[in-house]
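See structure below.
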Amino acid sequence: MEMTVAAVFLALAVIVAFGAIKIVPQGREFTVERFGRYTRTLKPGISFLTPFVEGVGRRMNMMEQVLDVPRQEVITRDNVGVQVDAIVFIQVMDAAAAAYRVDNLNYAIQQLTMTNLRTVVGSLELDEVLSQRDAINTRLLNVIDEATGPWGVKCARIEIKDLTPPPDITNAMARQMKAERERRAVITEADGEKSAAIARAEGAKQAAILEAEGRREAAYRDAEAREREAEAEAKATELVSNAIAKGDVNAINYFVAQKYVEAFGKLAESPQQKTVIVPAEMSALVGSIGGITELVKAVNADPPPRPAPPRRGSAVPAG
């Protein structure tokens, strides 16, 4: 009998000990209720409760949690239906508020996120929805964080996980993107052709300038050659005139023979002339040539002083 009573007391002591001693793991917090009323919150570690009076109410997870927002169809402002889903990162900051101010905290946050997601996405056009994910995330974060503040929950961030337009809109966007790429390619090709045409025009311009400069230099050289030839002709005429003034017949024979030879040469070079008639009085031509020889010997025996050549561009004095 005594052994039975001792065993009963031992069992009651063990039950009381387990009910009075509570060990809270790291990352968790327990709420304490006294006769069903919240009294305090147990932090990580060992704590003692009053047996049969106090008990653990809610066991709250204080670590950051990830909630998956179910996929839903949202109508944008330009009446395009898109499939949208998201993820929400939350962390319980006040265990008592999260435990007693809202029922089923995770479900409440999911529903709150879904409704605000429809509101934010529905106020934008499709192009804005696809290009402004960061702005949508920021707006959702501000709204959800403000709404969950009284629940003792901190909304760390919200991310749009996927945006799926209808297939026909996707095909139209693909065609639009292709057309835009082709337009850019055409513009780039046109710019290249324009640059090439400008380069060719510049090259033609430089070639024309160089060609004009070459023609100007050639004309200048031809004028200089004609000037020198005129000077030589004037000098020869002066020498012949002096010889005639002195009574030298060979000078006259020189001009006659020169004209005679030139005329005879032109007669022989004529393409229509197939037969060349040689004059019978060849002695006159030979005599003229002899006169030329005597004149040349006379000039070589007493060469006159050679005047300095005139400067380029200066006028040639008259003979």
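The values are calculated or read from the model by the stated rules, or taken from the named source; none is laboratory data. Every value quoted in this text rests on a predicted model; they were computed, and no experiment measured them. Note that we place each Cβ from the backbone using ideal geometry, even for glycine, and neighbour counts take in every protein chain shown.
Give me the residue from segment 127-140 that is surrounded by 18 or more Cβ atoms within 10 Å (Cβ to Cβ) and hydrophobic (A, V, I, L, M, F, W, C) and, out of that set, nearest to MET177 (Cα to Cα). Restricting to residues being surrounded by 18 or more Cβ atoms within 10 Å (Cβ to Cβ) and hydrophobic (A, V, I, L, M, F, W, C), the top hit is VAL129.
With LYS161, LYS178 as the choices, which residue is modelled with pLDDT under 90 and in a strand (DSSP E or B)? Give the derivation first.
Working: LYS178 fails: in a strand (DSSP E or B).
Selected residue: LYS161, the only one of LYS161, LYS178 that is modelled with pLDDT under 90 and in a strand (DSSP E or B).
Please tell me if LEU117 is under 42 Å from the mean Cα position of the chain (by Cα), crowded, with 17+ Cβ neighbours inside 10 Å and not assigned by TED's automatic domain parsing to the domain that holds THR41.
Numbers: under 42 Å from the mean Cα position of the chain (by Cα): yes; crowded, with 17+ Cβ neighbours inside 10 Å: yes; not assigned by TED's automatic domain parsing to the domain that holds THR41: yes.
Criteria met by LEU117.
Of all residues in segment 38-58, those that are under 15 Å from ASP94 (Cβ atoms) and touching a Lys or Arg at 6+ places or on another chain (Cβ under 8 Å) total 1. Residue by residue through segment 52-90, note down the ones that are under 18 Å from GLN132 (Cβ atoms) and either among the charged types (D, E, K, R) or not assigned by TED's automatic domain parsing to the domain that holds VAL153 (or both). Matches in segment 52-90: ARG77, ASP78, ASP85.
Quickly run through segment 10-33 and pick out the residues that are at pLDDT 90 or above and on the phi < 0 side of the Ramachandran plot. Matches in segment 10-33: VAL24, PRO25, GLN26, ARG28, GLU29, PHE30, THR31, VAL32, GLU33.
Hey, can you tell me all the residues within segment 1-37 that are within 27 Å of GLN91 (Cα to Cα) and surrounded by 12 or more Cβ atoms within 10 Å (Cβ to Cβ)? Of everything in segment 1-37, those that are within 27 Å of GLN91 (Cα to Cα) and surrounded by 12 or more Cβ atoms within 10 Å (Cβ to Cβ) turn out to be LYS22, VAL24, ARG28, GLU29, PHE30, THR31, VAL32, GLU33, ARG34. Any chance segment 8-21 includes a residue that's over 16 Å from VAL153 (Cβ atoms), assigned to a strand (DSSP E or B) and in contact (Cβ under 8 Å) with a residue 12 or more places away in the chain? The answer is yes, given that some residue of segment 8-21 is over 16 Å from VAL153 (Cβ atoms), assigned to a strand (DSSP E or B) and in contact (Cβ under 8 Å) with a residue 12 or more places away in the chain. Of all the criteria given as (1) hydroxyl-bearing (Ser, Thr, Tyr); (2) under 18 Å from ARG71 (Cα atoms); (3) surrounded by fewer than 18 Cβ atoms within 10 Å (Cβ to Cβ), the one not satisfied by SER123 is (2). Of all the criteria given as (1) farther than 22 Å from GLY27 by Cβ; (2) touching a residue at least 24 places away in the same chain (Cβ under 8 Å), the one not satisfied by ARG175 is (2).
Cβ-Cβ distances below 7 Å connect the following pairs, each with a first residue in segment 106-128 that is without any contact (Cβ under 8 Å) to a residue 40 or more places away in the chain, a second residue that is assigned to a helix (DSSP H, G or I) and surrounded by 15 or more Cβ atoms within 10 Å (Cβ to Cβ), and a separation of six or more residues or different chains: LEU112/ILE144; LEU112/ALA147; ASN116/LEU140; ASN116/VAL143; ASN116/ILE144; VAL120/ILE136; VAL120/ARG139; VAL120/LEU140.
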